[in-house]
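Engineer: Right, I'll just put the structure down here and ask away after.
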Amino acid sequence: MRWGKSVRRAFICMAAAALLIQGTGVMGGLFNTPAGVLVDATGVLRTRTFSDPGGRLTRQRRQEAIAALNADVAKDSKLRKVSLNRLEAHLKALLDAGQAETREMKYLAGLTRITHVFYYPESKDIVVAGPAEGFMEDLSGRAVGVKTGQAILELQDLIVALRAFSPTGEATNVVSVSIDPTKQGLANFQQYLAQVGGAARPGMERRLTAGMKEALGLQTVTIKGISPETHFAQVLVEADYRMKLIGIELERPRTKITSYVSRANPRSVARNAMQRWYFTPNYDTVVVSDDHLAMELRGDGVKLVSENELVQAGGVRVDSKLKDAAAEAFAQSFTNNYGALAKESPVYAQMRNCIDLLIASAYIQQQDFYAQSGWDLGVFANEAEYPVQTLVAPVQVETAVNAIWKGHTLMTPIGGGVNIQPRKAVSEQFVKVDQAGEVAEARQAIQLPKNDRWWWD
């Protein structure tokens, strides 16, 4: 199909619409612009941003947060420890007294990552540990470190993960998110492109993107394995969507990532090819002690993988055996630079933390620490006592489209998702036994508080 005598065709890139819940990120090429979404009663999501010229409001919030924080929790820590069953007991006592959780509980004493899981048979403590710092909420409501800006772990996300691998329930095999065009939307899209035909010319990008967006319509959000009404689920969707924006150069991070469109060779990809990318755990990250009383998560723990699909007549999707070097290069570049990107854009740190929480919870269930400790999750397991399913579930999102003139082929990269299999990460084929004894040594070096304190350094 030719686009007029100019022998040009539009190189058109698409991504499912943004879910930027409590997002501090990059929209429209602007860095450090707090962003979020409005979610209407029907579950349709639309983006929003918060103005902070010169960062004045952010600095003010940081100063207020530091002044309000407990001096101990505000300190930086290389390995802060949190006893899960002690934390739950303290929360239950507050709830029984008609009080809400403290800010230290809500943000897990400032943990920025979970790097270890320990079990202590003598005291029956199930402990998670990792680096920590003082915390604040940015203008969009995201909890971040006051010094590094790193995302802070949240109690509500921990509870979602623990419920997925509870003492009595079946293990969750897969937690997944997908944002996809409808079959009718894809058919309408192809019909629109056929109608445009040779009329397309450089300078018509806005018209083309508006037409494609209208043709595709709203896209469908599918969440499996956890409740879609949780903050946990919305973090996964936001990270998935914004990854696609980077791939099609609608979002440009400071971290140098090879975008899909910068590498795409129109001649090497079928005209109706649909590129898809999926976030998965890096399953080679779990190291355990000989006695399995200690586990460590090493590395960034997140991979981006590519998958090619074709769109047939009528909008039907089928798997493609074709390889796309540009799609694979983007996935590899994203994976290699994930740690740097997570420091720049906290949503990716949040997703990494959510994946780590699932793997840690799967390990706790697999090793039967619940039965050994006699802990049944208590109020953590009871939605009526401590609700975490409090948000409107994302059902549909608007389509975001970018149009770039490149080469002679019309390409339509779109779609993808998140696919997490926590049980796979802690299975025998992937877990590595720490022959050097470093993980066991880290556990033995910890002195548990003699009182009932739930966190300590």
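Laboratory data are not the source of any read-out in this text; all were calculated from the coordinates shown. On a predicted model such as this, the values are computed, not experimentally measured, just so you know. We place every Cβ from the backbone using ideal geometry, glycine too, and count neighbours over all the protein chains shown.
Engineer: What ranking do 417-427, 185-195 get when scored by the average of other Cβ atoms within 10 Å per residue, highest first?
Structural biologist: 417-427, 185-195
Engineer: So how long is each side of the range 59-137 along the principal axes, counting just the alpha-carbon atoms, biggest first, in Å?
Structural biologist: Principal extents (largest minus smallest coordinate, Cα): 45, 34, 17 Å.
Engineer: Quickly rank 387-396, 335-344 as a protection proxy: mean count of other C-beta atoms within 10 Å, highest first.
Structural biologist: Values: 387-396: 16.7, 335-344: 18.7.
Sorting 387-396, 335-344 by mean packing, highest first, produces 335-344, 387-396.
Engineer: Using just the alpha carbons, could you tell me how many Å³ per residue the convex hull of the range 172-306 encloses?
Structural biologist: Taking only Cα atoms, the range 172-306 has a hull volume of 179 Å³ per residue.
Engineer: Same structure again: How large is log10 I(q)/I(0) at q = 0.22 Å⁻¹ when the Debye formula is applied to the Cα atoms of the range 332-457, each weighted equally and without solvent?
Structural biologist: Log10 I(q)/I(0), no solvent term: -1.56.
Engineer: Right, here's the next one. How would you order 117-128, 165-176 from highest to lowest mean count of nearby Cβ atoms within 10 Å?
Structural biologist: 117-128, 165-176
Engineer: A 28 angstrom limit on the alpha carbon distance is what I want to check against. Which of 244/343; 244/424; 81/244; 124/424; 75/343; 92/432 exceed it?
Structural biologist: Going by Cα-Cα distance, 81/244; 92/432 fall outside the 28 Å limit.
Engineer: While we're here: Using 1/(1 + (r/R0)^6) with R0 = 51 angstrom and r between the beta carbons of residue 262 and residue 78, what's the FRET efficiency to the nearest 0.05?
Structural biologist: 0.85
Engineer: Let me spell out the model: positive unit charges on the Cβ of Lys and Arg, negative unit charges on the Cβ of Asp and Glu, origin at the Cα centre of the range 68-143. What dipole size does that give, in debye rounded to 20?
Structural biologist: It comes to approximately 160 debye.
Engineer: Provide, in order from the shortest bin, the percent of all Cα-Cα pairs of the range 139-219 in each 10 Å bin, continuing until the bin that contains the maximum pair distance.
Structural biologist: 14, 22, 17, 22, 19, 6, 0
Engineer: Which shape class, rounded, prolate or oblate, goes with the range 123-172 when its Cα gyration tensor gives a ≥ b ≥ c as root eigenvalues, a/c under 1.5 marks rounded, and past that a/b bigger than b/c marks prolate?
Structural biologist: It is oblate, given that a/c is not under 1.5 and a/b is not larger than b/c.
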